[in-house]
1. Rounded to two decimal places and with Rh computed the Kirkwood way over Cα pairs, what is Rg over Rh for segment 110-177?
2. Estimate the FRET efficiency between Glu43 and Asp109 by the formula 1/(1 + (r/R0)^6), using the beta-carbon distance for r and 22 Å for R0, to the nearest 0.05.
3. Among the listed pairs Lys56/Lys149; Lys39/Lys85; Lys68/Lys149; Lys68/Lys110; Lys69/Lys149; Lys122/Lys165, which are separated by more than 18 Å between their Cα atoms?
4. Want the number for Ser170 to Lys101: 0.36 nm per residue separation, take away the alpha-carbon distance, what's left?
5. Tilt of helix 2-16 relative to the longest C-alpha principal axis of the chain, in degrees (0 to 90, nearest 10)?
6. Subtracting the Cα-Cα distance from 0.36 nm times the residue separation, let me have the gained length for Ala27 to Asn66 in nm, one decimal.
7. Would you report the distance distribution of C-alpha pairs in segment 82-127 as whole percents per 10 angstrom bin, up to the bin with the largest distance?
8. Given a Förster radius of 22 Å and the C-beta distance between Arg156 and Arg86 as r, what FRET efficiency does 1/(1 + (r/R0)^6) yield to the nearest 0.05?
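Throughout, read-outs are computed from the coordinates displayed, never taken from laboratory work. Predicted, not measured: the structure shown is a model, and the values here were computed from it. With ideal geometry, Cβ positions are generated from the backbone for all residues, glycine too; neighbour counts draw on all protein chains shown.
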Amino acid sequence: MAGKTSKNKASRDRASKGGSALTHIDASGEARMVDVSAKEATERTAVAEGRVVMGKATLDLIVSGNAKKGDVLGAARIAGIMAAKRTSELIPLCHPLALSKVTLDITPDKKLPGCIVRATVKVTGPTGVEMEALTAVSVACLTIYDMIKAVERGVRIEGIHLVEKIGGESGHYRAAR
């Protein structure tokens, strides 16, 4: 218990000195959903990306449309969109949002070899959509893995990250390349 108390105190001290504190932790160290009721509803967009790395033969199977389980990229797109819409059910303390746009672009890349998965999510609301974009990419990548794992078990999911965030109080963020 002593460790928990000192961690909570450290978090409160950082916040009181103008440093960043964890927004999902209250002053007593308990988890909380952030109150966004006073925040203005603005247009917010987030872009996330990840990669599914595999052997050339497996990528060729996906691109040719001959995977045993069917249209790998189509299924991954649908899974990613569905996941973005359900992020608040999957990630504790996320706000349920009425998303206005979710797109999933999956690009086969022979140089990897593999697929680059990119999600763009948009909302007009009081909070951002970074978690929705990251969830969309994660689930799309997992769906690709699931659909090809019988062919190649060594497939890797890599580099899932936020590429860009537009809107909200914290302004524009773009990941360094």
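1. Values: Rg = 14.7 Å, Rh = 13.8 Å.
Value, to two decimals: 1.06.
2. Details: r = 31 Å, r/R0 = 1.40.
Efficiency, from the Cβ-Cβ distance: 0.10.
3. Long pairs (Cα-Cα over 18 Å): Lys39/Lys85; Lys68/Lys110.
4. 22.7 nm
5. Rounded to the nearest ten degrees, it is 80.
6. 8.5 nm
7. Binned Cα distances yield the sequence 24, 41, 23, 12, 0.
8. About 0.30, to the nearest 0.05.
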